[in-house]
Amino acid sequence: MPSSEKLGNFTEQDAPTYESVLQCMRCGFCLPTCPTFALTGRERSSPRGRVALARAVAEEKLEFTVAVKQEAFFCLDCRACTTACPSGVKAGEVMEVCRSQAQQQSPPGHMASSFRSFILQRMLPDPDRLEMSMLPARLYQKLGIQWLVRHAKVLKLGPSWMEKAEGMLPALDAPLRPQEPEITPARGEKRGRVGFFLGCVMTLMYPNVSRQTVRVLAAQGFEVVTPPSTKCCGAPHLSEGDRQTARELALFNLNLFMQTEVDFIVTDCAGCGAALKEYEELLESAAEHDRLVVFREKIRDISEFLAEVGLRTEAMQLINKTVTYHEPCHLCHAQGISRQPRELLKQIPGLELREMNEASWCCGSAATWGLKFSRESQQVLDRKLNNVSQTGAELLVTANPGCQLQLAWGVREAGMTQEVVHVMELLGAATLDG
């Protein structure tokens with residue numbers, strides 16, 4: 001997708017290729033799938049409108065203006081348009097590359113730039129520093145300060161994103177990474193050896209999800225290798241236009257996992273999976289092509305992997321619950337994984353899956369989009385919650401931590417009764433020890 005040659009009014013570094021913006025036929029199939037077009041009705045806020053802006057910059061008909069920058073970041077990058085496009089246009093990826101252009105051509109002020117660099121280049125690439133950063137938040141919860149802040153409603157005096165960010169915090173536990181053994185032996189007849197890519201948000205926010213992922217994999221007969229030195233997959237950096245740091249992280253993870261001698265590399269975070277599967281393109285000029293191909297062929301989302309190898313269900317216990325499934329954008333659209341999570345849910349004894357309308361419609365999280373555009377995010381979320389409510393299901397199931405944070409917050413704020421859980425939490429609950 002990105003070009004290393006100067007293209008029109010784009011800079012030389014990380015510009016979209018002309019082919020990627022030329023493919024659009026302007027047929028309009030993407031329009032009904034785009035949440036931001038549904039909200040605004042603006043052509044420029046549609047996938048074909050955004051690609052047209054990028055093409056105009058490439059053809060020197062338009063400078064890289066503030067409007068182009070705004071649309072690059074207003075795009076949810078949900079990839080629903082990619083699923084709908086008959087020409088294979090990847091508007092979300094074009095906008096992702098344009099975010100890198102925005103940082104080069106219209107960088108933020110000194111304070112914002114320094115804060116951005118601190119988060120993307122110092123915090124996220126360092127697992128130890130990242131884990132230490134969450135200690136104040138855990139103390140904030142355990143000492144009862146959170147209860148006081150929420151009941152006093154003091155955050156209503158500040159910007160809306162701040163109250164939402166605080167409200168989205170789940171009950172925090174100690175990070176999983178230092179606790180999880182590097183090697184977890186298979187139980188029963190051994191079926192293979194897999195590497196587990198433990199994501200940043202999963203170890204910090206949802207350690208029990210990944211704990212259950214490793215446990216289920218072992219129960220299914222797989223030896224699990226969880227390298228403790230794994231770094232961030234680079235998805236936040238791609239989202240924020242820092243492709244250089246993303247490359248550095250990708251190269252580190254590539255070298256790390258290619259040394260583990262595993263049959264597959266599995267993740268339970270849809271955002272991580274989508275980023276890992278794009279390493280081949282991201283590292284095109286930084287690593288051997290054959291190595292990148294082998295790495296890409298090993299990457300699997302956990303639901304993709306378990307559906308592929310076949311789930312052992314003989315030792316599973318009954319879970320008498322009704323559930324509905326929200327499809328994470330970076331699972332169903334970016335990775336094309338839609339059938340597999342449903343197959344796994346249907347194999348859990350006693351579980352009843354109730355399909356919701358527009359299951360693949362974005363929840364409005366989209367990394368930091370839900371905080372930057374909190375009003376619009378609420379509108380996207382309301383549409384999703386209305387569809388959830390109509391199912392009457394007891395549990396709302398998803399497969400990505402960003403979705404889980406957004407949906408759990410939305411359900412609570414709306415006074416709904418559904419508990420939001422990850423697919424692996426249900427599989428873990430159904431899996432008997434022994």
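The values are calculated or read from the model by the stated rules, or taken from the named source; none is laboratory data. These figures come from a predicted structure and were not determined experimentally. Neighbour counts run over all protein chains shown; Cβ positions are idealised from the backbone, glycine included.
Details
- Top-ranked residue of segment 96-135 - restricted to ones that are acidic (Asp, Glu) and surrounded by 12 or more Cβ atoms within 10 Å (Cβ to Cβ), ranked as nearest to Ala274 (Cα to Cα): Glu96
- The set of residues in segment 189-207 being touching a residue at least 40 places away in the same chain (Cβ under 8 Å) and surrounded by fewer than 19 Cβ atoms within 10 Å (Cβ to Cβ) consists of Arg191, Gly192, Arg193.
- Verdict on Lys156 being modelled with pLDDT under 90, of a type in the set (Lys, Arg) and either over 18 Å from Lys69 (Cα atoms) or not assigned by TED's automatic domain parsing to the domain that holds Ala15 (or both): yes
- Check on Glu19, within 25 Å of Gln378 (Cα to Cα) and surrounded by fewer than 21 Cβ atoms within 10 Å (Cβ to Cβ): no
- For the residues Arg138, Arg55, Arg44, the requirement of being touching a helix residue (DSSP H, G or I) at 6+ places or on another chain (Cβ under 8 Å), charged (D, E, K, R) and surrounded by fewer than 19 Cβ atoms within 10 Å (Cβ to Cβ) singles out Arg44.
- The lone criterion from (1) aliphatic (A, V, I, L, M); (2) assigned to a loop (DSSP other than H, G, I, E, B); (3) surrounded by fewer than 18 Cβ atoms within 10 Å (Cβ to Cβ) left unmet by Met356 is number (3).
- Counting only helices (runs of 4 or more DSSP H) that fall entirely inside segment 251-351 and contain at least 1 residues that are of a type in the set (D, E, K, R) and outside the structural domain of Ala84 (by TED's automatic domain parsing), the qualifying elements are 279-282, 289-298, 302-309, 339-346.
- Val149 in contact with a helix residue (DSSP H, G or I) (Cβ under 9 Å, 6 or more places away or on another chain), farther than 28 Å from Glu71 by Cα and modelled with pLDDT under 95: yes
- Residue pairs whose Cβ atoms lie under 8 Å apart, sitting 6 or more positions apart in sequence or on different chains, and linking a residue in segment 265-278 that is within 15 Å of Ala367 (Cβ to Cβ) to a partner that is basic (Lys, Arg), are Gly273/Arg300.
- Search result, residues across segment 399-418 that are within 14 Å of Thr322 (Cα to Cα) and surrounded by 15 or more Cβ atoms within 10 Å (Cβ to Cβ): Gln418
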